[in-house]
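Take a look at the structure set out below.
The values are calculated or read from the model by the stated rules, or taken from the named source; none is laboratory data. What you are looking at is a predicted structure, and each value in this text was computed from that prediction instead of being measured. A quick note on method: Cβ atoms are made from the backbone with ideal geometry, for glycine too, and the neighbour counts reach across all protein chains shown. Side chains included, ligands, DNA and RNA excluded: accessible areas come from the protein's heavy atoms. Shrake-Rupley method; radii C 1.70, N 1.55, O 1.52, S 1.80 Å.
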Amino acid sequence: MKSLYLDYAATTPCAPEVAKLISECLTLDGNFANPASRSHRFGWQAEQAVEKARGQVAELLNADPREVVWTSGATESNNLAIKGRVEYLRLETPDIPLHIITSSIEHKAVLDTVAYLEKFHNVDVTYLTPDADGLILPSQVEGALRDDTCLVTLMAVNNELGTITDIPAIAKLLKKHSAVFHVDAAQAVGKMVVNVQAWDVDLLSLSAHKFYGPKGIGALYVRREPQVKIISQMHGGGHERGMRSGTLPTHQLAGMGEATRLVSEQLSDDETRIRTLRDRLWQGIEILGDVHLNGHESQRVANHLNVSFGGVDGEILLASLAKVAVSSGSACTSASVEPSYVLKAIGRSDVLAHAGLRMSVGRYTTADDIEQVISEISRVVTLLRKQ
Ligand SMILES: *Cc1c(COP(=O)(O)O)cnc(C)c1O
């Protein structure tokens, strides 16, 4: 059996179309120049490629191109949005009390950023806890809102469970409040329609490598009307209208633009096909019995399947599934042997949290791959349960 990749939620391979475009932006005979070079044709061409990509990302999000700020990925976008907003408010009125609402199942790039502000910038934080299905409800946000709430930061799709937060309903609640709404949409772009106007959000993070673009590139959407002011976290040449300095990587951006174009073109086909494969995978392993679905059954993106197997040790299970690339909990936390904090937050015991597998299907997964994975998991789980 060849190795099979079922970890598209951790990262995706570049689409071949994307890889081709990237390779055309590297060498002297390609579009390699500094997009900020104003004095020659090489620079103008690079700038053209970068602005084309900006237009493509803006179009996908239903934003204005001037609202797209390039970053190195969703980690940086989250830092820029959250720290950048708080620092702006502190600059305006240094002693004002500030309160942030987030959830206990955010990505570490949000949780650690918020914890930093709590520790060093005297910000008060409310961590909403999910229900047993992994959902954060609009009513919880409503209940936590205070006069001094300056920021609500929640993910559109949870990276471990695939569960979808009702972002438009939360935005509606915030309509009459001065709090800014930031959404980490790293797991949503490419899996569902992300429309910043329909969603009515102020700041939104995305990352190219989650939707068949290259790693190390992403964007932060920053609303212009009404304008959301943030303080740069990276100081230098004043690129990106002063919000993020640093020479723009033409090749990465051309790749991200192309990945965005492919999403616009293929989203609904991808979604239907991937959902069928994911549902077949669930059907194939559910019959093993004592298999627990983590996360809401239907309020979930099409590619995710997170399950816990009763009666097996999580680490032995993962080690025995050497030919199938999956995650135990989130890839970002799997360096430690702590049970996933997300699975713990939805009420799973340590044992079941440890025995959790996140499988994520993608554009290049075939029906044959799924059948092989089902038979491999069935073989391994049956064997381990006999021991
Ligand atoms: C992957 C991911 C991130 C981090 O994005 P990078 O571009 O890898 O820094 C942040 N949030 C969520 C929800 C993610 O899935």
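Quick one: dipole size for the chain, taken about the Cα centre, charges +1 on Lys/Arg Cβ and -1 on Asp/Glu Cβ, in debye to the nearest 20.
It works out to roughly 500 debye.
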*Where is the GNM fluctuation largest for the chain (alpha-carbon springs, 10 angstrom cutoff): G134, G236, G362?*
G236
*Which of K2/K215; K83/K119; K83/K229; K108/K344; K83/K172; K20/K52 have a Cα-Cα distance over 18 Å?*
K2/K215; K83/K172
*Could you go through the range 75-89 in sequence order and give the Karplus-derived ³J(HN,Hα) for each residue, using 6.51 cos²θ - 1.76 cosθ + 1.60 with θ = phi - 60°, rounded to whole Hz, and x for Gly and Pro?*
4, 5, 4, 5, 4, 5, 5, 7, 5, x, 6, 4, 5, 5, 5
*Top to bottom by accessible area (1.4 Å), largest first, where do Y127, Y212 land?*
Y127, Y212
*Determine how large the accessible area of I370 is when every protein chain is in place; take a 1.4 Å probe and give Å² rounded to the nearest 10.*
0 Å²
*Separation of the range 166-180 and the range 197-242 by C-alpha centroid, Å?*
19 Å
*Mean separation of Cα pairs under 8 Å and 6+ residues apart, divided by the residue count of the range 16-261: what relative contact order is that in percent?*
30 percent
*Tally Lys/Arg at +1 and Asp/Glu at -1 over every other residue whose Cβ is under 10 Å from the Cβ of A171; what's the total?*
-1
*For L128, list long-range residues whose amide hydrogen, built 1.01 Å from N in the peptide plane, is under 5 Å from its own amide hydrogen.*
T102, S103, S104
*asked:* On a full-extension model of 0.36 nm per residue, what is the gain between V125 and I287, subtracting their alpha-carbon distance, rounded to one decimal in nm?
replied: 54.1 nm
*Going by accessible area, probe 1.4 Å, with all protein chains left in place, what is the ranking of E67, E297, E371, E142, largest first?*
E297, E142, E371, E67
_Extension gain (nm, one decimal) between D112 and R38, 0.36 nm per residue minus Cα-Cα_ = 22.8 nm
_Candidate residues M359, M192: accessible-area rank, largest first, probe 1.4 Å_ = M192, M359
*Based on the Cα coordinates of the range 256-387, what is the per residue volume of their convex hull in Å³?*
123 Å³
*Can you give the net charge of the other residues whose Cβ lies under 10 Å from the Cβ of H99, counting K and R as +1 and D and E as -1?*
-2
_Segment T247-E338, extension gain: residue separation times 0.36 nm, minus the distance between their alpha carbons_ = 28.9 nm
*If amide H atoms are built 1.01 Å from N in the plane of the peptide, which residues on other chains or at least 5 residues away come under 5 Å of the amide H of G218?*
T71, S72, G73, A208
*asked:* Take E24 and S268, extend 7 Å from each Cα along the Cα→Cβ direction, and tell me the distance between the two endpoints in nm.
replied: 2.8 nm
_In nm, spacing of pseudo-spin labels at A367 and T382 (7 Å Cα→C-beta vector)_ = 2.3 nm
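Just want to confirm a number: the relative contact order over the range 207-343, from Cα pairs under 8 angstrom separated by 6+ residues, in percent.
14 percent
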_Rounded accessible area of H304 (nearest 10 Å², 1.4 Å probe)_ = 0 Å²
_Taking R0 as 45 Å, what FRET efficiency do you get between V351 and K172 from their Cβ-Cβ distance, rounded to the nearest 0.05?_
0.65
_Antiparallel bridges, percent of DSSP beta bridges restricted to the chain (to nearest 5)_ = 50 percent
*For the range 37-129, average projected area of the Cα convex hull in nm²*: 8.4 nm²
*Heavy atoms only, probe 1.4 Å: what % of the accessible area of the chain goes to carbon and sulfur, would you let me know?*
53 percent
*What is the ratio of the Cα radius of gyration of the chain to 2.2 N^0.38 Å, where N is its residue count, to two decimals?*
1.01
_Label point distance in nm, K215-T276, each placed 7 Å from Cα along Cα→Cβ_ = 3.2 nm
_Starting from a Cα-only point model with no solvent, please compute log10 I(q)/I(0) by Debye for the range 1-71 at q = 0.22, 0.25 1/Å._
-1.07, -1.15
*Count charges around N122 for me, please; just the other residues with Cβ under 11 Å from its Cβ, Lys/Arg as +1, Asp/Glu as -1.*
-1
*asked:* In Å², and per residue, what accessible area does the chain have when probed at 1.4 Å with the other protein chains present?
replied: 43 Å²
_Charge dipole (the range 16-261, unit charges on Cβ, about Cα centre) - positive-most of M155, A49, T165_ = A49
